[in-house]
Amino acid sequence: MSLYIAPTAQVSGDARVSGDARVYGDARVYGRAVVYGHAQVYGSARVYGDARVYGDALVLGHAQVSGHAQVYGHARVAGHARVSGNGDVTNPRHVVTIGPVGSEDRIVTIHRHYDGPDSTHWGHLIVAGCWEGTADQLATRVASDPKEWSAAEETARQLYRADYQLVIAAARARAEEWAAEPLTDADHERWAQ
């Protein structure tokens with residue numbers, strides 16, 4: 001296999017695609033994003049910002065990879081998943097989608113996250129629409145009865161709370177799993193680049 005960019009796909013801005021990478025379908029790679037190795041981006045997927053997709057990683061469907069996120073190895077980011085910030089996804093267990101959730105029937109993404117050079121373990125990030133944060137931050141938000149829910153009847157608000165409690169429980173379980181994975185000096189060096 002060699003580099004392939006389909007006529008219907010778009011690579012724009014300062015984005016780069018190299019090696020044996022493939023971008024096809026209605027996929028878009030833009031900003032300063034980089035796709036290389038044997039990675040594939042297809043469907044209506046988007047890779048943008050300073051994101052990197054490489055190795056044998058797949059980004060497909062309506063998935064989005066943005067910010068400084070890195071998707072690599074044998075990772076698969078699919079459906080409506082959104083990996084952002086310092087997302088670090090190297091295998092399929094590093095990203096979870098749950099939905100529809102809450103008052104707006106969102107698809108919520110939970111992914112492994114690099115929390116910086118002082119971190120001793122992997123973190124996590126929850127992406128729900130334009131909101132991003134941790135399980136603890138989401139628990140605080142849900143407990144405060146978000147203003148978006150104010151017009152809803154109490155039975156609907158209880159349903160929304162239950163939806164987000166499920167997200168919080170899943171995030172905490174995966175965060176515990178990811179925290180048990182070693183965060184090595186090589187990981188810190190890769191993120192320092």
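The values are calculated or read from the model by the stated rules, or taken from the named source; none is laboratory data. The structure displayed is predicted, hence computed values, not measured ones. For neighbour counting, all protein chains shown are included, and Cβ atoms are generated from backbone atoms with ideal geometry for every residue, glycine included. Surface accessibility is based on the protein's heavy atoms, side chains included, excluding ligands, DNA and RNA. Shrake-Rupley method; radii C 1.70, N 1.55, O 1.52, S 1.80 Å.
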- If ligands, DNA and RNA are left out, what is the accessible area of Arg32 with a 1.4 Å probe, given in Å² to the nearest 10? 150
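Computed from the mean reciprocal separation of all distinct C-alpha pairs, what Kirkwood hydrodynamic radius does the stretch 23-84 have, in Å? Spell out each step's value before the answer.
Numbers: mean 1/r = 0.0946 Å⁻¹.
Result for the stretch 23-84, one decimal place: 10.6 Å.
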- Message: Using alpha carbons only, how many angstrom separate the centre of the stretch 40-60 from the centre of the stretch 130-158?
- Response: 31
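Just need the relative contact order of the chain here, percent rounded to a whole number, with Cα pairs under 8 Å and 6+ apart. Can you show the working numbers first?
Numbers: 460 pairs, mean separation 21.2, N = 193.
Reported as a whole number, the value is 11 percent.
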- Hey, got a sec? Which GluC sites (Glu not before Pro) in the stretch 60-156 land in a DSSP loop and have at most 14 other Cβ atoms within 10 Å? Glu104, Glu153
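Ignoring ligands, DNA and RNA, what accessible area per residue does the chain give at 1.4 Å, in Å²?
Working: 9420 Å² over 193 residues.
The answer is 49 Å² per residue.
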- Note on the structure: Largest-first ranking of Leu159, Leu58, Leu138 by accessible area, probe 1.4 Å, whole protein assembly kept, is Leu159, Leu58, Leu138
- Would you mind giving the average projected area, over all directions, of the Cα convex hull of the stretch 114-193 in nm² with one decimal? 6.2
- Task: Please report, in debye to the nearest 20, how large the charge dipole of the chain is about its Cα centre when each Lys and Arg carries +1 at its beta carbon and each Asp and Glu carries -1 there.
- Result: 500
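On alpha carbon coordinates alone, what is the Rg over Rh value for the chain, Rh being the Kirkwood radius?
1.01
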- Note on the structure: Using the Kirkwood formula on alpha carbons, the hydrodynamic radius of the stretch 1-105 in angstrom works out to 13.1
- Item | Fraction of accessible area attributable to carbon and sulfur, the chain (%, probe 1.4 Å) | 50
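Exactly which chymotrypsin sites (Phe, Trp or Tyr not before Pro) in the stretch 73-182 are in a DSSP loop and have at most 12 other Cβ atoms within 10 Å? Don't jump to the answer; show the numbers that get you there.
Values: sites: Tyr114, Trp122, Trp131, Trp149, Tyr160, Tyr164, Trp178; in loops: Tyr114, Trp122.
Passing both the DSSP loop test and the Cβ count: no residue.
Using heavy-atom solvent-accessible surface (probe 1.4 Å) with all chains present, what is the largest-first order of Arg82, Arg190? Before the final figure, lay out each step's value.
Working: Arg82 75, Arg190 40 Å².
Descending accessible area places them as Arg82, Arg190.
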- Note on the structure: Measure of exposure for His188: accessible area at 1.4 Å probe, Å² rounded to 10, is 40
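Mind putting a number on the dipole of the stretch 61-115 about its Cα centre? Charges go on the C-beta only, +1 for Lys and Arg and -1 for Asp and Glu, and I need it in Debye to the nearest 20.
Working: 5 positive and 4 negative charges, 33 e Å.
So the magnitude is around 160 debye.
Cβ under 12 Å from Asn86's Cβ, Asn86 left aside: what net charge do those residues give with Lys, Arg +1 and Asp, Glu -1?
Around Asn86, the charge tally is -2.
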- Task: Please work out how much accessible surface Leu3 shows to a 1.4 Å probe, ignoring ligands, DNA and RNA, in Å² rounded to 10.
- Result: 80
- Query: Sorting Tyr36, Tyr4, Tyr72 by accessible area (1.4 Å probe), largest first, what list results?
  - Reply: Tyr4, Tyr36, Tyr72
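Using Cα pairs closer than 8 Å and at least 6 residues apart in sequence, work out the relative contact order for the stretch 12-104, in percent. Before the final figure, lay out each step's value.
Numbers: 273 pairs, mean separation 17.3, N = 93.
Over the stretch 12-104, the number comes to 19 percent.
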